[in-house]
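Some notes on the structure that comes next.
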Amino acid sequence: MRVDSGCAGGQIYDDDSCDCADQFFDFISKYVANGEGIVLHVPCHDGRGFGFAPKAETEIYKQGGTGRIHTTKPIDTVSAAKLLYKADDYNYDIRDYKGVALILKELGCNDIKLYTDSRKKVNSLSDAGINVERIPTETHKSTCKQHIEAKKSNPLFFR
Ligand SMILES: [Zn+2]
């Protein structure tokens, strides 16, 4: 299954700065199209749960510029998020998966294979008593290689 963190920028407006849409469509083509998978979509997870406007502001910092609070040289997405949200490696992502765990339990899904690179998704569902086997994502979007590398070098993500 895929727990899809809704990203308006990437999934609705085709923003090239993140790979959210690619991960979604990659999962659909590999699994759902073959009748093998389900997607549980969680809306409004933009900017790792901080929202669409803050995510847009991190894009300013990624390119080097002046936002509401800071001026930066170009920095990566994780550094931009931590700067804007005044966060560290472990709290710059405030997405929550308790509702996902409740839905899965209600559906009787206590053992899942999860297509993700997010340790937080795996750990949140495991902590809720769901057995999770992770399947690594395989997106390699060329327009956001630095974004993907920055994410995967953070402790909240698998390499
Ligand atoms: Zn995105």
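Every number here is computed from the coordinates shown, using simple stated rules; none is lab data. None of the values given here were measured: they were computed from a predicted structure. Neighbour counts run over all protein chains shown; Cβ positions are idealised from the backbone, glycine included.
Cβ separations smaller than 7 Å between residues 6+ apart or across chains give the following pairs from the stretch 13-31 residues that are in contact (Cβ under 8 Å) with a residue 60 or more places away in the chain and at negative phi to residues that are assigned to a helix (DSSP H, G or I) and within 8 Å of the ligand (Cβ to nearest atom): 18/9; 18/10.
Please specify each residue of the stretch 86-117 satisfying the condition of being in contact with a Gly (Cβ under 8 Å, 6 or more places away or on another chain) and within 19 Å of residue 42 (Cβ to Cβ). Across the stretch 86-117, the qualifying residues are 93, 94, 95, 96, 101, 105, 115. Checking each residue in the stretch 17-37 for being assigned to a loop (DSSP other than H, G, I, E, B) and either surrounded by 14 or more Cβ atoms within 10 Å (Cβ to Cβ) or hydroxyl-bearing (Ser, Thr, Tyr) (or both) picks out 17, 18, 19, 31, 37. Scan the stretch 38-56 for residues that are among the small types (Gly, Ala, Ser), surrounded by 16 or more Cβ atoms within 10 Å (Cβ to Cβ) and either farther than 23 Å from residue 102 by Cβ or more than 13 Å from the ligand (Cβ to nearest atom) (or both) and the total you get is 2. One residue alone among 116, 71, 77 is free of Cβ contacts under 8 Å to residues at least 24 places away in the same chain and not basic (Lys, Arg), and that residue is 71. Against the definition (over 18 Å from residue 121 (Cα atoms), within 14 Å of the ligand (Cβ to nearest atom), of a type in the set (Gly, Ala, Ser) and assigned to a helix (DSSP H, G or I)), how does residue 9 come out, yes or no? Judged against the criteria, residue 9 is a match. Scanning the stretch 139-152 for residues that are within 14 Å of the chain's Cα centre (by Cα) and surrounded by fewer than 18 Cβ atoms within 10 Å (Cβ to Cβ), we see that the one that is nearest to residue 15 (Cα to Cα) is 139.
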